[in-house]
Amino acid sequence: MATTGRLMGHYQSGAQTRRVAELEGAEPEAYVEVHPATAARSGLAAGDWARVTSRRGHTRARVRLEPTARLDTVFLPFHFAGEQSANNLTHPALDPVSRMPEFKVSAVRLEPDPPGRGRGTRGPASAPMPGGTS
């Protein structure tokens, strides 16, 4: 299971804060925070590139080991775009009352992301967001 969230140094999508050299330098790339035992079962070690895949798409992120993390949950920050976008994993459905998208939880598979493999994108199973965006 993956959950997404914010980093202290980046605001919202990071589109503006990633332009600030000091903030970009503090968190220059996406990461996936994972329990060491979960990483080992997936063939991953600290600093490896991981491919995180859901039914809706996949992304790539650098592995960070976190011994206090749950064994069944990984965390990805959502401030990165393109192949490192955590939103490649999330469901495009909107809450019927608030119209907020479901960005907080996705069932995922974690595996090594070897060089030369296709990079993160929305998969063909994804549906466009209402209003024509995906």
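The values are calculated or read from the model by the stated rules, or taken from the named source; none is laboratory data. Computed from a predicted structure; not experimentally measured. Note that each Cβ is placed from the backbone with ideal geometry, even for glycine, and that neighbours are counted across all protein chains shown.
Side notes on the structure shown:
- Residues (of a type in the set (S, T, N, Q) and under 17 Å from TYR31 (Cα atoms)) located in the stretch 51-108: THR53, SER54, THR59, THR68, THR73, GLN84, SER85, ASN87, ASN88, THR90, SER106
- Considering only residues in the stretch 76-128 that are part of a loop (DSSP other than H, G, I, E, B), in contact with a Leu (Cβ under 8 Å, 6 or more places away or on another chain) and among the aliphatic types (A, V, I, L, M), the one that is modelled with the lowest pLDDT turns out to be MET100.
- HIS35 vs. criteria at pLDDT below 80 and of a type outside the set (Phe, Trp, Tyr): no
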